[in-house]
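Have a look at the structure below, then the notes.
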Amino acid sequence: DTEVTQTPKHLVMGMTNKKSLKCEQHMGHRAMYWYKQKAKKPPELMFVYSYEKLSINESVPSRFSPECPNSSLLNLHLHALQPEDSALYLCASSQDRTGDPTQYFGPGTRLLVL
Amino acid sequence: AQSVTQLGSHVSVSEGALVLLRCNYSSSVPPYLFWYVQYPNQGLQLLLKYTSAATLVKGINGFEAEFKKSETSFHLTKPSAHMSDAAEYFCAVRPLGDTDKLIFGTGTRLQVFP
């Protein structure tokens with residue numbers, strides 16, 4: 001099973017709202033990723049967690065706050081977003097930093113910021 | 001820095017025709033290479049990957065790709081296109097020694113005409 005699940009599927013929020021995106025995998029993977037994808041563009045890496053510790057933050061604005069409560073879960077907390085943050089947010093996971101490098105992606109959360 | 005080039009942002013073929021999507025990478029050391037497919041409003045699905053084993057890699061849905069070190073290429077092919085193959089295709093590279101980042105090409109949109 002190579003499934004990564006994401007909730008919600010769609011999210012509409014105002015610029016003053018606080019919301020969270022959730023990602024889950026049960027493949028025993030120890031590396032998890034958040035990507036942002038704008039229309040007709042490839043995914044852009046935002047954050048990487050390795051063994052529940054943040055290992056990469058690609059200079060993402062502080063209005064995006066990741067959290068990795070355990071090895072199966074990854075959250076992305078959103079606060080005071082801007083309309084330009086509207087995008088598809090993808091979660092991915094891979095075995096770990098030294099094993100199989102293949103990243104498996106979830107279906108994404110389509111975010112609209114009004 | 002490592003880069004990935006996908007020649008042709010749009011490729012159109014007739015149903016039953018050969019599909020050829022091009023991908024070239026820049027690296028003196030062969031990296032890990034991946035092809036992902038993205039259907040509308042969905043996440044990325046792994047088609048196939050090269051991780052230094054056989055140079056001809058077979059993937060899902062009848063796709064295959066050949067790693068050619070001399071040409072630094074990893075082109076994706078399918079002998080006979082189906083209407084259901086219409087999607088966005090991304091080539092991605094994970095450089096050896098870089099344990100976290102996938103570098104994506106800009107993507108190729110495949111259209112299949114009846």
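The values are calculated or read from the model by the stated rules, or taken from the named source; none is laboratory data. All figures in this text were calculated on a predicted structure; none of them were measured in a lab. Cβ coordinates were reconstructed from backbone atoms using ideal geometry, including for glycine residues, and neighbour counts include every protein chain displayed. Just so you know, the surface numbers come from the protein's heavy atoms only, side chains and all, with ligands and any DNA or RNA stripped out. Shrake-Rupley method; radii C 1.70, N 1.55, O 1.52, S 1.80 Å.
Taking 7 Å along the Cα-to-C-beta vector as the label spot, tell me the A:A39-A:L73 distance in nanometres, rounded to one decimal.
3.4 nm
As an exercise, use a Förster radius of 41 Å and the Cβ-Cβ distance of A:S65 and B:T5 to find the FRET efficiency, rounded to the nearest 0.05.
FRET efficiency, A:S65 to B:T5: 0.75.
Just tell me how shielded A:100-109 is by partners: mean number of partner chain Cβ atoms within 10 Å of each residue's Cβ, no decimals.
Shielding by partners across A:100-109 averages 6.
Among the aspartates and glutamates, select those whose C-alpha is under 13 Å from the C-alpha of B:K58, and discard any that sit fewer than 8 residues away in the same chain.
By straight Cα distance, B:K58 reaches B:E66.
Using only alpha-carbon positions, what ratio does the radius of gyration of the protein assembly as shown give when scaled by 2.2 N^0.38 Å?
1.02
Filter the cross-link list A:K41/B:K101; A:K40/B:K78; A:K53/B:K69 down to pairs whose alpha-carbon distance in this structure exceeds 26 Å.
A:K53/B:K69, as the Cα separations exceed 26 Å there.
Give the calculated FRET efficiency between A:T7 and B:S84 to the nearest 0.05, with a Förster radius of 35 Å applied to their Cβ-Cβ distance. Could the numbers behind the result be given before it?
Details: r = 27 Å, r/R0 = 0.77.
Rounded to the nearest 0.05, the efficiency is 0.85.
Which whole-number value in Å² is the accessible area per residue of region A:47-93, probe 1.4 Å?
Averaged over the residues of region A:47-93, the accessible area is 42 Å².
Please report how far the C-alpha centroid of region A:96-113 lies from that of region A:13-64, rounded to the nearest whole angstrom.
First find each Cα centre; the distance between them is then 8 Å.
What does the C-alpha gyration tensor say about the overall shape of chain A? Classify as rounded when a/c is under 1.5, otherwise prolate if a/b is larger than b/c, or oblate. Show your work: numbers first, answer last.
Numbers: a/c = 1.80, a/b = 1.67, b/c = 1.08.
Note, shape of chain A comes out prolate.
Hull surface divided by four, with the convex hull built on the Cα atoms of region B:1-102: how many nm²?
6.7 nm²
Only Cα pairs under 8 Å and at least 6 apart count here; give the relative contact order of chain A as a rounded whole percent. Intermediate values should be presented prior to the final figure.
On the way: 290 pairs, mean separation 42.2, N = 114.
The normalised contact order for chain A reaches 37 percent.
Shielding by partners for A:48-55, please: the mean number of other protein chain Cβ atoms within 10 Å of each residue's Cβ.
Per residue, the average neighbour count from other chains is 1.
So which aspartates and glutamates can A:K18 reach, going by Cα to Cα under 17 Å and dropping same-chain residues fewer than 8 places off?
A:E67, A:E84, A:D85
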